[in-house]
Amino acid sequence: MAFLVVAVWGSTFVFTKLLLIAGLTAAQIFVLRFVVAYLLLLIYSLTRKSFRLFASSWKDELLMVALGITGGSLYFLTENSAMIYTTTTNTSLIVCLCPLFAALLIAWFYRSQRLHGIQIVGTVMAAIGVVIVVLNGHFVLHLSPLGDTLAFGACLCWAFYSLLMIPASQRYDTIFTTRKVFVYGLLSMIPYFLVWPDMPSPSVVLRPDILANLLFLGFVASMLCFLAWNWVIKKLGATIVTNYVYFNPVTTVLFAWLILSERITIYFLIGTLLILTGMYLCNKVTSTH
């Protein structure tokens with residue numbers, strides 16, 4: 001399930017790029033896809049007997065706020081803004097290395113979720129594979145302090161999201177937690193739109209090509225994938241699940257090849273092999289414990 005989720009998320013870079021080409025901004029795309037995801041999940045939640053509006057305590061509600069910011073608004077804003085000031089290569093490389101930072105952060109707080117032995121070798125091997133796939137034979141990085149800092153900020157956001165999801169998944173069911181991520185992700189965007197009040201007109205949103213992309217991003221890539229991701233964190237542990245993010249650039253390249261006719265190189269094949277081998281080593285040890 002984690003593998004499928006990351007495969008879908010890898011495709012979102014391509015579909016998001018198509019929406020950017022159509023004239024939507026990064027903030028508009030984030031808000032529209034989260035609105036679709038939240039409304040669909042709210043409708044489904046209302047049909048369940050276990051529906052609840054708030055968490056059991058104000059501390060847990062603040063935890064949900066933090067999840068909505070780190071996994072929603074702040075993550076997407078920093079990631080998409082980074083590409084304005086630095087190259088897509090730099091952004092992808094920094095963001096997709098977040099499992100390394102997530103593993104360190106989680107290990108600091110949870111001894112039971114630390115990587116051991118061959119798992120460490122596996123995650124480092126996968127990280128090297130990511131570098132090879134993203135750089136694609138062009139071993140030149142154009143440093144941009146602001147852009148690279150924003151990309152690193154996105155990386156840290158996802159690492160903290162993975163950390164905070166551990167206590168959230170222990171106390172609440174996946175549907176409730178995911179719904180909270182969406183609603184607080186949207187509410188925390190209000191200050192942004194107070195400064196830059198700009199949303200596309202209904203005629204633009206209802207264009208068949210734009211609407212189809214938004215429905216895919218909202219229903220599949222947001223609602224279904226966030227539900228699945230939060231569920232596998234509960235089942236496999238945050239450290240192991242976050243390692244699947246390493247496969248993200250592989251699916252991005254594949255979809256770019258299929259849809260945007262971008263070229264696949266030998267570096268992609270070598271990097272993919274390293275990523276898959278590294279992920280296998282992490283999960284092989286997990287399955288034997």
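The values are calculated or read from the model by the stated rules, or taken from the named source; none is laboratory data. Since this is a predicted model, take the numbers as computed values, not measurements. Glycine gets a Cβ as well: all are built from the backbone with ideal geometry, and neighbour counts include every protein chain shown. Only protein heavy atoms, including side chains, enter the accessible area calculation; ligands, DNA and RNA are left aside. Shrake-Rupley method; radii C 1.70, N 1.55, O 1.52, S 1.80 Å.
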Could you grab the relative contact order for the chain? Cα pairs under 8 Å, six or more apart, rounded to a whole percent.
40
For Lys180, counting only aspartates and glutamates whose alpha-carbon sits under 13 Å away and dropping same-chain residues fewer than eight positions off, the answer is Asp60, Glu61
Surface share of carbon and sulfur [accessible, 1.4 angstrom probe, percent] for the range 59-202
72
Which of the three applies to the range 45-87, rounded, prolate or oblate, going by the alpha-carbon gyration tensor with a ≥ b ≥ c and a/c under 1.5 meaning rounded?
oblate
Expressed in angstrom, Rg and Dmax over the Cα atoms of the range 1-91 are 16.1, 48
Spin-label point model (7 Å from Cα, Cβ direction): what's the Val121 to Lys59 distance in nm?
4.2
Leaving ligands and nucleic acids out of the surface, order Ile275, Ile270 by accessible area at 1.4 Å, largest first.
Ile270, Ile275
Largest first, how would Trp9, Trp196, Trp108 line up by accessible area (1.4 Å probe)?
Trp108, Trp196, Trp9
Per residue value of the accessible surface for the chain (all protein chains in place, 1.4 Å probe), Å²:
48
Pick out which of Met199, Met125, Met165 has the largest mean-square fluctuation in a Gaussian network model of the chain, springs linking Cα atoms closer than 10 Å.
Met199
Which of the aspartates and glutamates could a cross-linker bridge to Lys17, judged by Cα under 18 Å and excluding same-chain residues fewer than eight apart?
Glu79, Asp209, Glu262
Exposure rank, largest accessible area first [Phe54, Phe176, Phe13; 1.4 Å]
Phe54, Phe13, Phe176
Once both label points are put 7 Å beyond Cα along the C-beta direction, the Ile84-Gln170 separation in nm becomes 3.9
So which aspartates and glutamates can Lys235 reach, going by Cα to Cα under 14 Å and dropping same-chain residues fewer than 8 places off?
Asp173
Counting only protein heavy atoms and leaving out ligands, DNA and RNA, the solvent-accessible surface of Leu100 at a 1.4 Å probe, in Å² to the nearest 10, equals 60
As an exercise, find the ratio Rg/Rh for the range 189-289 from alpha-carbon atoms, using the Kirkwood inverse-distance average for Rh.
1.09
Multiply the residue separation of Thr277 and Val205 by 0.36 nm, subtract the distance between their alpha-carbon atoms, and state the gained length in nm to one decimal.
21.7 nm
Using just the Cα positions, wrap the chain in a convex hull and report its mean projected area in square nanometres, one decimal place.
15.7
Given a Förster distance of 30 Å, report the FRET efficiency between Leu104 and Ile270 from their Cβ-Cβ distance, rounded to the nearest 0.05.
0.70
